[in-house]
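Each remark here refers to the structure printed beneath this line.
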Amino acid sequence: MNHSEINSIDVPALPEGYLFRAANGIEDAAALAEVHNSAFGPIWTSELYRKAMESPGYAPERELVIQAPDGTFAAFTIIWHDHLNRMGLFEPVGTHKDHRRRGLGRAIVLYGMQQMADAGMEFASVAHFGKREAAKGLYQACGFKPWHMQDGYIKHF
């Protein structure tokens, strides 16, 4: 897990035609499923994503995206707020494969940190699998420092 104190955030300018926005709710389910699947592999259908959006605790204003000039989603994150500890959490963070190497991952993380700061958070955290060097580099470029290292386990049956 990586940890960063939220200080002054300089959210970078996006490439021409791209824009930051929050999800609009159920109407964005298909586009959100598509960008998640591009980033992490085929996990979501629009129906499954819609059901997740209808679950308790889901708030579309915390699901942040970068919209591409063609209206599709190029990058995304969901931010979570722990008001008691003033800690924000990114889970997950991803960039569509067709929009990588444009600084969009860094941009969505810094934009998310600004949203966290606006909500009163003082720290941000994000976790990634240790062998994912691209994720490690992204989070370090956003000011995160290693905080708590953990091993993940999975058993298939």
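Table for the structure above
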{"quantity": "Residue within segment 138-152 that is out of contact with any Cys (no Cβ under 8 Å at 6 or more places or on another chain), free of Cβ contacts under 8 Å to residues at least 60 places away in the same chain and under 24 Å from Leu32 (Cα atoms) present", "calculated": "yes"}
{"quantity": "Cβ-Cβ under 7 Å pairs, at least 6 apart or on other chains, segment 60-71 side without any contact (Cβ under 8 Å) to a residue 60 or more places away in the chain, far side small (Gly, Ala, Ser) and outside any strand (DSSP E or B)", "calculated": "Pro60/Ala23; Pro60/Gly25; Glu63/Ala23; Leu64/Gly112; Val65/Ala23; Ile66/Ala107; Pro69/Gly17"}
{"quantity": "One residue from Pro69, Pro56 being out of contact with any Ser or Thr (no Cβ under 8 Å at 6 or more places or on another chain), modelled with pLDDT of 95 or more and assigned to a loop (DSSP other than H, G, I, E, B)", "calculated": "Pro69"}
{"quantity": "Tabulated pairs, segment 31-44, first within 16 Å of Gln67 (Cα to Cα), second hydroxyl-bearing (Ser, Thr, Tyr) and part of a helix (DSSP H, G or I), C-beta under 7 angstrom, 6+ apart or interchain", "calculated": "Leu32/Tyr49; Ala33/Ser46; Ala33/Tyr49"}
{"quantity": "Some residue of segment 49-72 being under 21 Å from Glu16 (Cα atoms) and of a type in the set (D, E, K, R)", "calculated": "yes"}
{"quantity": "Some residue of segment 86-98 being assigned to a helix (DSSP H, G or I) and either touching a Lys or Arg at 6+ places or on another chain (Cβ under 6 Å) or surrounded by fewer than 22 Cβ atoms within 10 Å (Cβ to Cβ) (or both)", "calculated": "yes"}
{"quantity": "Residues (assigned to a loop (DSSP other than H, G, I, E, B), of a type outside the set (A, V, I, L, M) and touching a residue at least 12 places away in the same chain (Cβ under 8 Å)) located in segment 99-121", "calculated": "Arg102, Gly103, Gly120"}
{"quantity": "Ala124, sole failed condition from (1) buried (at least 17 other Cβ atoms within 10 Å of the Cβ); (2) assigned to a helix (DSSP H, G or I)", "calculated": "(2)"}
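This table checks each residue for (1) within 16 Å of the chain's Cα centre (by Cα); (2) crowded, with 18+ Cβ neighbours inside 10 Å; (3) farther than 30 Å from Glu122 by Cα.
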{"position": "Leu32", "(1), (2), (3)": "yes, yes, no"}
{"position": "Ile43", "(1), (2), (3)": "no, no, yes"}
{"position": "Glu47", "(1), (2), (3)": "no, no, yes"}
{"position": "Tyr58", "(1), (2), (3)": "yes, no, no"}
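The values are calculated or read from the model by the stated rules, or taken from the named source; none is laboratory data. Computed from a prediction, not measured in an experiment: that's the story for all the values here. Counting neighbours? That spans all protein chains shown, and the Cβs are built from the backbone with ideal geometry, glycine included.
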